[in-house]
Amino acid sequence: MIPFAQEYCGDAAMRKLLIKVGSSRTLHEIYGLFYGCVGAPHMVAPSRYLPVIFDGKEPEFESMEKTKQILGGLMALWNILAGWQPEEETFYFPESSYPATLEGLKMRVRDDRSFMEFFMKGLDLGETRDEDFSGDALGAMEHLAGLAAYLRQYEELLETEDTEKEEPAEKSLELFDKMEDSLVHGMARIIAGLKEARVRAAEEMRNAARMGRGAGHARSSKIGRNEPCPCGSGKKYKKCCAGRG
């Protein structure tokens, strides 16, 4: 088992590492995916989310040291995002700066849209069902899906614009500031609304584990030859079913 790093290596370093091992995923996609996975009712193991990060292919690690560095960095990032408390702490978002140009606006639209889409992909990996959502969380989910669809259409529209245009309209930049606030608020409502489903799923896992241990114990228990026969005859085991085996 690989000993994971205790601290995240940082967004800039992680971007370079992912490119180096052949992953086409952006950090916005990975952040969104991890938020969805940790917010989902059922635990998502690395064996399920790593194929998404590495496009279903074997990553090209140079050495065991690089393997530890990349997988450790991903696990450290997971732990940071898993610790987010929507009602108390600042939201963690990939470090990004966009030039005040049309190309910069395109990058921002693409990042925000992919962040939302991969958040929903993470929820799917965690086997989230419609009935897991509270009423408020379901409304927030529908709002988020609508935002993602709007951004995809806007992204297509921007592709027809003149890329040499110096600056996007000021109103467009203000719109995206507000939209990102709405995105964070919507995610907070969804994750909070799924809390009950996560508690229920965890309890089901604990019950299944207890039943498994009980069944294993029952199968391994031996009946003493002088103990009452479990068939209920009232005879000693050695005088009853033991002699029939």
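The table below gives the values:
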| read-out | value |
| --- | --- |
| Label-point gap, in nm, between Met179 and Lys16 - each point 7 angstrom along Cα→Cβ | 3.2 nm |
| Whole-Å distance, taken between Cα centres, linking region 180-195 and region 86-113 | 17 Å |
| Local electrostatic count at Leu50 - Lys and Arg +1, Asp and Glu -1, tallied over other residues with Cβ under 12 Å | +1 |
| P(r) tail fraction, region 46-141 - alpha-carbon pairs more than 23 Å apart, % | 45 percent |
| Region 1-115 - percent of accessible surface contributed by carbon and sulfur, probe 1.4 Å | 54 percent |
| Loop-located GluC sites (Glu not before Pro) in region 1-109 whose Cβ has at most 13 other Cβ within 10 Å (DSSP) | Glu7, Glu60, Glu62, Glu87, Glu88, Glu89, Glu95 |
| Column: log10 I(q)/I(0), Debye, Cα scatterers of region 18-84, q = 0.24 Å⁻¹ | -1.15 |
| Potential lengthening between Asp136 and Glu161 on full extension [0.36 nm per residue; Cα-Cα distance subtracted] | 5.3 nm |
| Pairwise centroid distance, computed over Cα atoms, of region 48-72 with region 13-40, Å | 11 Å |
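The values are calculated or read from the model by the stated rules, or taken from the named source; none is laboratory data. Keep in mind the model is a prediction, meaning the values are calculated, not measured. As a convention, Cβ positions derive from the backbone with ideal geometry for all residues, glycine included, and neighbour counts pool all protein chains shown. Side chains included, ligands, DNA and RNA excluded: accessible areas come from the protein's heavy atoms. Shrake-Rupley method; radii C 1.70, N 1.55, O 1.52, S 1.80 Å.
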